[in-house]
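Report on the following structure.
The values are calculated or read from the model by the stated rules, or taken from the named source; none is laboratory data. None of these values were measured; they are calculated from a predicted model. Positions of Cβ are generated from backbone atoms using ideal geometry, with glycine treated the same way; all protein chains shown enter the neighbour counts.
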């Protein structure tokens, strides 16, 4: 397990290197010690921009375009309680986050009725790493999709995803896929899987915004 975590952390080392660069994404939280670290990111699954502010006043605005919806993973102190205040067009909500060692936490900001927002925490502790394969997670942030299904077929293996609302599933796949589709109750949402590189971790998000179901891929190693 420790060897796998070491490999994963090496892919995320760029976060530490860029934390002091003015043009890099703001560091929302204090960096934790390397031997007891967790990682947290935020994703905007609403119809409008949301602003995320920490208790120390640092703020990050998430937009509605795919690349602007998701923050990078921030390295934090595991076991420490962290608080964020999230302000959106449809309301305001506070969220507390406590991570276990080596845990990766995605804080999803979701619509809650017409005038409110809410959060949901999706957690994972990676246990696999391969320099010759792709680590791809499917995160179902669409409450109306009772089961997000996707099959990634390869020559010698098939990765099958069946993901309930507000949950996630990660599998190892090949890196030669150009396109795919996520099925929800007979309705297929196309997704571009081109450009996936071996040895990297990715997240495939499914959500509905402005009454349109959409899917997009984000590199978990984004800066």
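If we scan region 176-184, do we find a residue that is crowded, with 22+ Cβ neighbours inside 10 Å and in contact (Cβ under 8 Å) with a residue 60 or more places away in the chain? The answer is no, given that none of the residues of region 176-184 is crowded, with 22+ Cβ neighbours inside 10 Å and in contact (Cβ under 8 Å) with a residue 60 or more places away in the chain.
Highlighted here are the helices (runs of 4 or more DSSP H) found entirely within region 1-104 that include at least 1 residues which are more than 23 Å from residue 130 (Cβ to Cβ), at pLDDT 55 or above and outside the structural domain of residue 202 (by TED's automatic domain parsing): 66-69.
Taking region 112-142 as the range and being buried (at least 20 other Cβ atoms within 10 Å of the Cβ) and either farther than 25 Å from residue 192 by Cβ or in contact with a helix residue (DSSP H, G or I) (Cβ under 6 Å, 6 or more places away or on another chain) (or both) as the test, only 117 passes.
Residues in region 185-223 that are in contact with a helix residue (DSSP H, G or I) (Cβ under 7 Å, 6 or more places away or on another chain) and assigned to a strand (DSSP E or B) were compared, and the one that is surrounded by the fewest Cβ atoms within 10 Å (Cβ to Cβ) is 216. Within region 137-148, is there a residue that is over 30 Å from residue 186 (Cβ atoms), touching a strand residue (DSSP E or B) at 6+ places or on another chain (Cβ under 8 Å) and touching a residue at least 24 places away in the same chain (Cβ under 8 Å)? Among the residues of region 137-148, not one is over 30 Å from residue 186 (Cβ atoms), touching a strand residue (DSSP E or B) at 6+ places or on another chain (Cβ under 8 Å) and touching a residue at least 24 places away in the same chain (Cβ under 8 Å), which makes the answer no.
Residue-by-condition table, conditions (1) at pLDDT 95 or above; (2) outside any strand (DSSP E or B); (3) crowded, with 18+ Cβ neighbours inside 10 Å:
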{"site": "146", "(1), (2), (3)": "yes, yes, no"}
{"site": "155", "(1), (2), (3)": "no, yes, no"}
{"site": "162", "(1), (2), (3)": "yes, no, no"}
{"site": "169", "(1), (2), (3)": "yes, no, yes"}
